[in-house]
Amino acid sequence: MWHRNPPGRFDSGKSHLLGTSQTLTSCQIVGIKFLLWFLSFILNFEHATWDDKVVNGLDFIQNYVLQVPLLLMTLMRYVTPTLDNM
């Protein structure tokens, strides 16, 4: 049997969706890094710089861009403190 939130209650479905999308994005980033690592055995990346740029860009996305929604969710308790009482 499915339990529904009573009317007026905060729906945590959005936060679950956000967490799931971040997990899927992180898995894709790790997959791309693994693919580049595997291709380094076949192709010579010693003189190429594009692979380093791709990995640095993926690191930036993983460490900074994906953390912004978590920061905003943390700051929401100070913007709307009434959500803490629910």
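Observations on the model:
Residues checked against (1) surrounded by 11 or more Cβ atoms within 10 Å (Cβ to Cβ); (2) among the hydroxyl-bearing types (Ser, Thr, Tyr); (3) modelled with pLDDT of 65 or more:
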site	(1), (2), (3)
14	no, no, no
30	yes, no, yes
40	yes, yes, yes
71	no, no, yes
75	no, no, yes
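- Contacts under 8 angstrom Cβ, first residue in segment 43-62 being over 10 Å from residue 29 (Cβ atoms), partner surrounded by 11 or more Cβ atoms within 10 Å (Cβ to Cβ) and of a type outside the set (A, V, I, L, M, F, W, C), 6 or more apart: 45/51; 51/40
The values are calculated or read from the model by the stated rules, or taken from the named source; none is laboratory data. The structure presented is a predicted model; accordingly, all values stated were derived computationally and were not measured. Cβ atoms come from the backbone with ideal geometry, glycine included; neighbour counts cover every protein chain shown.
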